[in-house]
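Since every read-out is calculated from the coordinates, none of them should be taken as a lab result. Everything numeric in this text was worked out from a predicted model, so none of it was measured. Backbone-built Cβ (ideal geometry, glycine too); neighbour counts: all protein chains shown.
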Amino acid sequence: MERIKQGHAVSKGIGLGRAFVYKRYIPLKKISYIEDKDVESAFARYHEILQKAHQEIDDIRQSLEQKGDDKAKIFTAHLDILHDIALEEMIEQYIKQEHFSIAYAVHEAFDMFIEIIGQVEDELIRERVADLKDVKNRVLRIEEGLPETNLSRLSEPSIIIADDLYPSDTATLDRTFVEALITEIGGVTSHTAIIAKSYEIPAILGIEGVMKTIEHGTFVIADAIKGELIIHPDAKTTDEYTIKKKEYKAKQTLLKTYLPLKPITQDLIKVEVTLNIGSASDEELSFVPYVDGVGLFRSEFLYMENDHLPTEDEQYHVYAKALKAFGEKPVILRTLDIGGDKELSYLTLPKEDNPFLGCRAIRLCFEHPEILKTQLRAALRASVYGNLWLMFPMVGSIDDIEKIHHAVGEAKASLDHENIMYSQNVKVGVMIEIPSLILIADHVAKMVDFASIGTNDLCQYLTAVDRLNPLVSSYYQSYSPAMFRIIKMAIDAFNKEHKPISVCGELGGDPIAAPILLGLGMRKISMAKSSVARIKKIITSHQMTTFSQVADHILKLTKEKDVIDYVQSVLKLED
């Protein structure tokens with residue numbers, strides 16, 4: 001038995017199961033030929049590969065269809081590509097006439113089609129490039145004799161072990177058998193951490209070298225309370241953790257009794273507790289009775305879970321679904337936030353040395369105004385069904401805000417021209433995550449209807465730390481007194497103008513940070529659904545005056561550890 005304790009327990013819980021070591025297949029292209037005598041056998045082998053590829057794709061398609069998942073249509077398209085006559089004929093010609101090896105023939109044929117389609121002006125056709133690459137990689141993997149490692153089809157309770165998990169990986173994650181997520185890369189604010197919290201899956205991130213340490217199929221225990229991984233546990237340890245898992249789940253069930261409570265402090269101060277959502281799924285919308293609205297609708301999930309840029313109508317239906325569900329409660333829709341650690345397979349982003357400081361979020365949308373206009377039109381059309389607030393990420397200046405107002409005005413004008421209805425009460429706000437915007441918050445508060453603080457990136461930019469780099473994770477101090485001092489500046493500026501301000505980053509659902517934020521004068525916080533019950537318990541168990549005293553004290557402190565120790569000692573927070 002071996003214990004590893006060096007990762008971040010970003011989503012609490014305990015998982016027991018077989019290690020599913022997930023390695024993303026990356027094919028290498030090399031020139032290779034076959035002898036004339038081997039042509040027929042190669043030709044026959046190629047068709048065997050096609051049959052295996054067809055079976056794999058169709059299994060995934062059927063599995064998704066049975067779950068009623070719209071992503072099944074993606075794999076229907078993959079089957080069409082796999083059996084495309086032009087592609088098949090070209091590969092067969094390369095094998096028979098040029099004596100290319102199967103792998104080299106597949107590379108050459110697919111690459112030619114990818115290059116041709118990538119240059120087509122029609123955007124919808126260009127988006128097929130991602131599908132072509134996916135099918136090509138599948139065929140080449142089968143040709144190499146390597147097994148499929150798709151996370152959409154797990155057959156037993158599994159601990160997912162990966163270098164990192166991309167949005168495309170988590171989009172098809174089969175949660176039925178996922179006991180825990182373990183990665184070498186990532187911290188408390190990474191995409192994987194957000195997904196794990198949203199799905200309530202135990203997760204430990206940033207364990208360096210874990211891919212080499214654990215073999216596929218090894219029985220492991222993930223203690224995502226202590227941040228500990230146990231390899232080859234003995235029977236006694238397994239029994240102990242089986243009991244601990246049941247006890248933890250029972251504790252979480254008891255905690256959920258706080259869900260229906262109104263978030264009102266003991267001295268009768270109302271706090272708005274809102275929800276972070278990603279796709280308006282039925283699971284997310286089931287929380288409508290327990291929250292005061294949506295504090296963050298991560299619209300990028302709609303893009304990341306697709307194989308193409310979602311059309312105006314596709315977006316409209318998703319936004320309308322959320323707005324109808326929440327009725328008069330505000331739904332804050334964040335416009336496309338792609339870049340940094342989030343990419344789209346069908347949209348070529350510039351290669352940058354520092355992507356978190358580059359062309360991302362609203363900057364990317366300014367570079368692709370047609371993408372922004374499509375989204376704004378879809379959102380405005382849907383606004384007639386509820387209370388829509390539009391929020392723009394990565395805003396760093398007054399110039400950005402002026403461009404945003406212009407973009408919203410253009411979208412409205414285009415709808416007016418077509419006599420399409422939209423709500424006249426849509427609020428326009430900004431996400432505060434770049435420190436420069438806080439330093440001019442008094443001006444910003446006069447130009448927008450509301451603001452929400454994205455603490456994940458704010459901390460990254462304030463502390464000059466790549467929040468995904470485990471080598472410098474200790475420098476990413478989200479409880480630093482500096483963080484709360486700069487947040488207070490933003491709160492004070494918006495409160496002075498009587499404009500709503502909230503927090504939608506991970507600190508909003510954090511039991512240590514949330515009381516401090518409330519004590520600083522914030523009255524609206526947003527979080528993952530897994531945090532709602534616990535934060536409501538904290539709110540309803542204390543007075544706002546206590547939170548204010550705590551906030552006043554921590555502003556005088558100098559170290560993150562002192563902040564943590566003080567809040568836990570005063571509020572008696574449980575682990």
Practice problem: Grab the beta carbon distance between THR218 and GLU144, set R0 = 25 Å, and tell me the FRET efficiency rounded to 0.05. | Solution: 0.60
Exercise. Report the calculated FRET efficiency for ASN419 and ASP449 (r = Cβ-Cβ distance, R0 = 30 Å), to the nearest 0.05.
Key: 0.70
Self-check item: Label zone at THR257, where the point sits 7 Å out along the Cα-to-Cβ direction: region 508-547 residues whose backbone N lies under 17 Å
Solution: 533-542
Quiz item: How long is the gain from ILE264 to PHE366 if the chain were fully straight, where each residue apart is worth 0.36 nm and the alpha carbon distance is subtracted?
Solution: 32.6 nm
Quiz item: Looking at the chain, do any whole DSSP H helices span at least 18 angstrom along their long axis by alpha carbon and average 1.0 or above on Kyte-Doolittle, and which?
Solution: 102-118
Self-check item: Cleavage-rule hits, GluC sites (Glu not before Pro), region 384-476, DSSP coil, Cβ neighbours within 10 Å at most 10
Solution: GLU418
Quiz prompt | Difference of contour (0.36 nm per residue) and Cα-Cα distance, ASP313 to ASP353 | solution = 10.8 nm
Quiz item: Quick one: Kirkwood hydrodynamic radius for region 36-144, alpha-carbon pairs, angstrom, one decimal?
Solution: 14.6
Quiz item: Once label points are set 7 Å from the Cα along Cα→Cβ at both ASP282 and GLN543, what is their separation, rounded to one decimal in nm?
Solution: 4.7
Quiz item: Rounded to the nearest 500, what is the chain's calculated 222 nm mean residue ellipticity when only DSSP H runs of at least 4 contribute -39500 (n - 2.57) each, over all residues?
Solution: -14000 deg cm²/dmol
Self-check item: Spin-label proximity, MET489 to region 428-457 - amide N less than 12 Å from point 7 Å beyond Cα toward beta carbon
Solution: 434-443
Quiz prompt | Förster radius 51 Å - calculated FRET efficiency between THR176 and ASP84, Cβ distance, rounded to 0.05 | solution = 0.95
Quiz prompt | Most to least packed among 565-574, 388-397 [average Cβ atoms within 10 Å] | solution = 388-397, 565-574
Quiz item: Say the cut-off is 32 Å between C-alpha atoms; which of LYS342/LYS556; LYS446/LYS537; LYS197/LYS329 go over it?
Solution: LYS342/LYS556; LYS446/LYS537
Exercise. Taking 7 Å along the Cα-to-C-beta vector as the label spot, tell me the ILE31-LEU573 distance in nanometres, rounded to one decimal.
Key: 6.2
Quiz prompt | Centre separation in Å (Cα based) which lies between region 55-121 and region 313-388 | solution = 30
Quiz item: Roughly speaking, what is the stretch gain from GLU247 to GLN55, that is 0.36 nm per residue apart minus the C-alpha to C-alpha distance, in nm to one decimal?
Solution: 64.9 nm
